[in-house]
Structure formats: C-alpha cells, structure tokens
Number of protein chains: 2
Amino acid sequence: MRSFEENLRLYAQLTIKEGLGLAVDQELILSAEIDQRPFVHLLVEEAYRAGAKNVEVLWKDPEVIKTRLRDGSDAAVAYAPTWLYDGITQAHKDGAARLGVASSDPQMLAGLSPERISISSTAASRATKATSELVSGFAINWCIVGAASVDWASRVFPDLSATEGVTKLWEKIFMASRILEEDPLAAWATHCETLESKVVYLNGLKLAALHFTGPGTDLTVGLVEGHEWAGGRGYSKNGIRCSPNIPTEEVFTMPHRANVNGVVSSTMPLSLRGQMVDKIRAEFKDGVAVIVTAGVGQSAFENLINTDDGARRLGEVALVPNSCKVGQTGTLFLNTLYDENAACHIAMGASYSENLTGIDDMTDEEKLERGANDSLIHVDWMIGSDQIDIDGILGDGSRVPLMKSGEWV
Amino acid sequence: MRSFEENLRLYAQLTIKEGLGLAVDQELILSAEIDQRPFVHLLVEEAYRAGAKNVEVLWKDPEVIKTRLRDGSDAAVAYAPTWLYDGITQAHKDGAARLGVASSDPQMLAGLSPERISISSTAASRATKATSELVSGFAINWCIVGAASVDWASRVFPDLSATEGVTKLWEKIFMASRILEEDPLAAWATHCETLESKVVYLNGLKLAALHFTGPGTDLTVGLVEGHEWAGGRGYSKNGIRCSPNIPTEEVFTMPHRANVNGVVSSTMPLSLRGQMVDKIRAEFKDGVAVIVTAGVGQSAFENLINTDDGARRLGEVALVPNSCKVGQTGTLFLNTLYDENAACHIAMGASYSENLTGIDDMTDEEKLERGANDSLIHVDWMIGSDQIDIDGILGDGSRVPLMKSGEWV
C-alpha cells in the first residue's frame, strides 16, 4: 500500500498529465484556496517538470471574501476587479491552461446576506464571462480537481476530529479519482475509454429527448438537434487532450432551451455559492423553470435563477450510474464536482459548445434558435438516484430504455 | 499594557489610515506572503471599514517562487506574466492604492543559482516597470509595512525558538513603528512633523553636494540642482496624504547621476533578492560605480548593478540618525525597510520624481541631463554608522556640518 504522500504525488501527476495534458511552454493559471499549499506545491512542481512556462497561482482566502461581504460597502459588494479578470482572459487567449482546486467549505458563506452574496456573485460572473466562455467553449485545456480541507471535511464527517475527517476525505477523493488503483494514470485512461464508448452509443441513437421518472420527477428534456454527447476526456480547440473533471463519471449533452417540460426533484443537497440548498422542486414549461421551491436555501436558489433569462433554463443534462466509482465511496461530498459524478444531473444556465457541432459558426441568434442556452451562470443539481428510470425518446416517439433504478440498462 | 492583538489592530489602523490614507471608494492592491493571514485579515477589515471599493490580495508563496527557479525551464525563469502586471498597472491608473507587507526570509533564495535569480528578477522588473513608475512617481498613495514571519525571525534571532523569535520580532516592529506609544496614530503624526521640519531646513540650504567620511568611506554625492528633500509623509498626485514607509526615519533627496565620486563601504549586510550581500565596497567616478566588490554575495550584487546603465548609478541618498526609533531597537533586521531606517543609505538605480520639482514636465532626455537617474532597479544599501560624518557642501564650496558620528549636528 502506498503512503499518503505517494498517493498525493500520483494525484498531482494525474492532474497535470491527464487532467490538463499541460504542454511544454504552456502557461498555467491555478486557482486554489490558501490552505491547500501542500497539494498546490506538488502541482506546481509537476507543472514545471512538464515544461510549464509559468504557473500563476491565484490564492483565494475565504476570510477575505467573507470580510468583503460582511464589512464592505454596497459599492464594494457590487464591484468586481475587471483589470484582473481581463488579464486572465488575455492569458487564456494567449494559450494559458486553467486548473481549479476545489476544497471550499460547502457552507462557507452561511449566515451572510443571500442578497449580498447574489449581487457579488453576479458581478463576478459578469466580469469573468469572457473567461468562462473560453472554458465552456473548450478553447483551452482546463481541469477541476478536489482537495480535502478541514472545513470541508467537518461538513462531510461532522462526527470525526479535524485530522480524522481530513484523512478520510482524502481517502474518498483518492478512491473516486482512481488513485488507489495500481497504476492510476492507466486506470484513468481505461475509464475514459469506457465513457467514450458510451458516448459513441448515445450519439448513434440520435435521441429527440430524455424522459426521467421517479419519486417527485416526471421530466422530459428535449435535446437539440445535432447534439453531441461528451464525457471523460476531449480535445480542446488548442489541440490538447484533457479531462476537465477529476473525477468524472458522467456523459452529458445539450438540452433544448425551449423544450423541457414536467416536474423534477433534487435527490441530493447542493452547496451553492457557500450556502446549502436542498429539496429543490422545479416545474418546467417550454424550457423555463416556472415554479421553483427549495426546502432549504430557497432565497439562494431563487437569486441564482433570477440572474438572467437563461438562468431558468437548462444548459446541460448528464447521465451517471449510481454504481460508479464516486457512488461506490458511499459519501455525500456536498461538493458538486463529486456529487454530480455520483448521480444524473441537470444544469441551470449556459450550455457547453462542445455539445453542438458547428456552434462556433453560428451567430448568437442562431445558437438560441437551435436551442443552445446562454447565461452568466452554469449550476448543476442532482436529480438521479436508485429510484430513477430514464428512457431515450427517438424522433418517431419510440422509446429506448437507458437507465433502470439508476443503472445503465 | 496592551495585548498583542490590540497592538496588531492598532498597527493595521496606522497602516490603512496614516500609511495609505485610503480614501472612500478607493481600490487597494495588497501584496503579502501567504503566512501573513492574521495581519492581512486585519488590514482587509480596516480597509473595508474605511470604505474600500475592493481589496485585492496578491498572495506570494515562497515555495512557488523557489520551485520555479529550481525546476522551471530557462524559458520559465525568463518569463514574467505581463497579463497580470499590465492589469495591475491599469488598476493603479484607475486609482487603486498599493500596500506591500514585507515579511520575507532574508535568505529565501539562498542556494539557488544567482544567475537564474538575476534573469528572473530582471524580467519581473521589466514587466512591472510601468507600475514601479507610478509608485516612484508618487502617482498613487502607497505604503510598505513589515510583519514578523517564522523564517525571517529565525535569521534575526537564530538562538530563539520559532515562537519566541516571532514574538520578539513583532515587539521590535511595533517599537520601530511607534505602536507601543500611548496613541500610536498621534505619535506617528508628531514624528512626521519632526521629519518635515528637517526637510524644510535641508531644502533651505540648497546644497550642491553631500560629503560622507568614515572608515572605508570618502564619498562626495553631488545633488541635482533644484532637488527637493522629502521624508515622513507626502501628498501623492491623486491628492492623498500618505506615509510610504512604516517605519520611516529618513530624509532623502536626489543625487546627480553623473556627479558622485569617491569610495564608500557598506555598514550593514543587505538582503538582496533573497540572498545575503555584505561588505560592499564601491568606487564611484563621475556617477558610475566603476569598481565594486562584496565580501559576501559578490555575484548577486554584481548581477544587480549589471541590470542596465542606471543600475551602476545612484537614485537616492538618505540621512538617518543612528539614535532614531529603529536604531533604538538595537536590532539588525536584515530587511531593508527597517535597516535603511536605522542608518544613512544610498540607492542604486531609479530616482524618485518627488525629489525634483518640475520633473513631470521634462522629456526623458531632459531628466537625464538634469541628473535624474533611470533604471529597472532601485536598491538601497546602508552606509551610515556612529563613525560616519556628513558635511553639506554649498554652491560656493563652503561646508555645513550635518551629521557627526552618525547624529544630526
């Protein structure tokens, strides 16, 4: 059995090599919270060993963010430093890759004003839209990986001590990311090939819609014509093969922004902008979530979907079997990177351009007309469980069972 | 007696109010090392309470810097992220103030290649030149303050434990910055008035040159015609009164870049780009340091003064009595912010435009002709001690004794 340090090193290597596919002489912009120094140091080392031209670490300090939301003036809360975000956009246009290390306390902003959080998040989304589009448009190679923090672990394992909690959360992260396999990089590649074969199968079906049924859910998600399924890894437009999420268990495609109907209920809590949201129920009519309630965090979720017109519509639908590697950990991570890879999910907001062939040649109007969705936000929420069945609906109305009780048919 | 926490809070208030004079709705860019969270959190809090529009903390991690110098390719070492520095310049042009928290290990980069350090430093200086000019030209309000770190304290107090060392270094920092006075902000104001009266006296003399004599030193520093002495606090061009250094004990002015002659020896070690330099001896001829040796760190100092033509010339000369508040701490800080405020010093490299009236209306050629110096660098080194005498030389060649044995006459 390998030591924690050996596994952490392998995890850093998996991230730089398979997650990002970082190229020689490529710059890397790395975002991480300030308590993640040990893992970030390994990432920086592996990046330079892979030939990085520069690794710019943008450290985020939760205390600084909280102080601003608590003590800042209204003008401060509504402000975002465009000089910084414009610089980051420029770096990505010049070829820089992007890596995010996710380790936040799922309730980081609990107790602060949901309205101030919303104003601040929307300002930041607006200021980072150009960068987000480079990412969602797959113009660059990018990756998000998780890292255990004391605050996060204490939410997932409230009964354990800080040290025990962090140790256990790292174990779960390693398990979910296939780091505990004999050769993690090879295991990752094999896993991605499995996902790719699923993508090929689903693309072959040329589905018109997906139909989700289960407790509190009877939802028909129309898919855009010419949609592409994606999953595992892909080639970004700068020609680099990368795996944007570690772990990843999903195959996903593009819903039609005006063709989603029915009712759907969340199956897991959701950490949204540092606040907990749970027991979401949404009724969709012609693509729009017209009635939305949440048993927990109603105002946080409402503020989110009121961001813009596209925030009440879907930008992604994803299929994940419950028995997958992340599901096998038996852990509710309270972090979307993990939880969305343990259950089928949908996302409010912007769609991914890799899910529609030819989208880069379309005008904004054509994109909307075809059914692609545009929004400042993209927020996944989990709707899958072992009680959910999913049928594919073909153009002639006939059905192909895809999942039964949360597993592939 | 106040607690450490109370003193730290007062120190943060002194920094934001007197050091920066931060204005309502002004943005603040704050650079600090990653282990300075407790003090930075207070600074951020005080800045928002003062009405800051945003506090953008640029955290620096010594490990990331070292990894780049050690494992980075030659291209990586020679690269600087202009997308970031251009953004920072834009923020300052749009009115952002700048705050630096100095806490580095004086020997942070010891053992790494001096050549790689030099290449990297020069690339960074080039990329940050526009920002440096806004600072040295006093276009914005700015301030540098110190903060004790474990690594720094271990160099200053090698015989103490980590905890004892940090505690003692904070005591010295508080003492030097007048935080231990009953009303630190009032004491700071009174002190600045004392420095201002010295500035008025020296400006009245309209000196042609300064003559330093002492062990290993016989140096005549010609001053530019129309030079202005400065010290304590001043008004930046955005109309804000600030104290760019905390502590500050110096009054300083502009040497003539082509009119410095004689020999000068350093009186304290110098931490230069994370490397120790000591026992510097320089012979100046017509402004140029033609022969330079250093008993310790020769290559680091040589690389520095080979940066460009102006790096071998002086940009600042400063007078500090040995008995001042920083000197009273009896501590060799191995950090220029403190050591330069305990001894007379000179600086290789760029001059400060506040030291020459009318400089903003001059072309670059006129500035050089008048004797102002231009360079990518500005590095102070200490030449004062209780064995140094300084005379002012008037236009007619007559002398005014200014300092005897390191004290004002």
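Across region B:162-198, what is the number of residues that are closer than 17 Å to B:PHE4 by Cβ, open to solvent by 40 Å² or more (accessible area, probe 1.4 Å) and in a helix (DSSP H, G or I)?
Counting residues in region B:162-198 that are closer than 17 Å to B:PHE4 by Cβ, open to solvent by 40 Å² or more (accessible area, probe 1.4 Å) and in a helix (DSSP H, G or I) gives 7.
In region A:1-11, how many are open to solvent by 40 Å² or more (accessible area, probe 1.4 Å), of a type in the set (A, V, I, L, M, F, W, C) and either under 18 Å from A:LEU169 (Cβ atoms) or not in a loop (DSSP other than H, G, I, E, B) (or both)?
Of the residues in region A:1-11, 1 are open to solvent by 40 Å² or more (accessible area, probe 1.4 Å), of a type in the set (A, V, I, L, M, F, W, C) and either under 18 Å from A:LEU169 (Cβ atoms) or not in a loop (DSSP other than H, G, I, E, B) (or both).
For region A:67-75, does any single residue satisfy the condition of being farther than 21 Å from A:ARG126 by Cβ and in contact (Cβ under 8 Å) with a residue 12 or more places away in the chain?
yes
Give region B:236-274 a look and list any residue that's out of contact with any strand residue (DSSP E or B) (no Cβ under 9 Å at 6 or more places or on another chain) and on the phi < 0 side of the Ramachandran plot, or say none.
Result: B:LYS237, single match.
Any chance you could count how many residues in region B:56-68 are more than 7 Å from chain A (Cβ to nearest Cβ) and in contact with a strand residue (DSSP E or B) (Cβ under 9 Å, 6 or more places away or on another chain)?
3
Would you confirm, using the coordinates I've provided, whether B:HIS256 is assigned to a helix (DSSP H, G or I) and touching a residue at least 24 places away in the same chain (Cβ under 8 Å)?
Here the answer is no, as B:HIS256 does not meet what is asked.
Whether any residue in region B:293-309 is over 21 Å from B:GLY226 (Cα atoms), part of a strand (DSSP E or B), open to solvent by less than 50 Å² (accessible area, probe 1.4 Å) and touching a helix residue (DSSP H, G or I) at 6+ places or on another chain (Cβ under 6 Å) is what I want to check.
yes
Among residues belonging to region B:82-97 that are outside any helix (DSSP H, G or I) and open to solvent by 10 Å² or more (accessible area, probe 1.4 Å), point out the one that is nearest to the other protein chains (Cβ to nearest Cβ).
Only one residue tops the list, namely B:ASP94.
B:PHE39 versus (1) open to solvent by 40 Å² or more (accessible area, probe 1.4 Å); (2) more than 8 Å from every other protein chain (Cβ to nearest Cβ): which is the lone unmet condition?
(1)
Sort out which residues of region A:139-161 are within 17 Å of A:PRO38 (Cα to Cα), assigned to a helix (DSSP H, G or I) and either in contact with an Asp or Glu (Cβ under 7 Å, 6 or more places away or on another chain) or open to solvent by 20 Å² or more (accessible area, probe 1.4 Å) (or both), and write them in order of number.
A:VAL150, A:ASP151, A:TRP152
Please work out which one of (1) closer than 16 Å to B:GLY274 by Cα; (2) in contact with a Ser or Thr (Cβ under 6 Å, 6 or more places away or on another chain) is the condition B:ILE117 fails and give its number.
(2)
Residues checked against (1) under 19 Å from A:ILE246 (Cα atoms); (2) more than 7 Å from every other protein chain (Cβ to nearest Cβ):
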| position | (1), (2) |
| --- | --- |
| A:GLU6 | yes, yes |
| A:LYS17 | yes, yes |
| A:ASP35 | no, yes |
| A:ARG70 | no, yes |
| A:ALA75 | no, no |
| A:LEU99 | yes, yes |
| A:SER103 | yes, yes |
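Can you go through A:LEU42, A:LEU8, A:LEU30, A:LEU22 and tell me which one is touching a Phe, Trp or Tyr at 6+ places or on another chain (Cβ under 7 Å) and in contact (Cβ under 8 Å) with a residue 24 or more places away in the chain?
A:LEU8
Could you tell me which residue of region A:98-111 is most open to solvent (accessible area, probe 1.4 Å), considering only residues that are among the aliphatic types (A, V, I, L, M) and in a loop (DSSP other than H, G, I, E, B)?
A:ALA110
The values are calculated or read from the model by the stated rules, or taken from the named source; none is laboratory data. All values derive from a computational prediction rather than experimental measurement. Using ideal geometry, Cβ is built from the backbone for each residue, glycine included, and neighbour counts are taken over all protein chains shown. We work out accessible area using only protein heavy atoms, side chains counted, and drop any ligands, DNA or RNA first. Shrake-Rupley method; radii C 1.70, N 1.55, O 1.52, S 1.80 Å.
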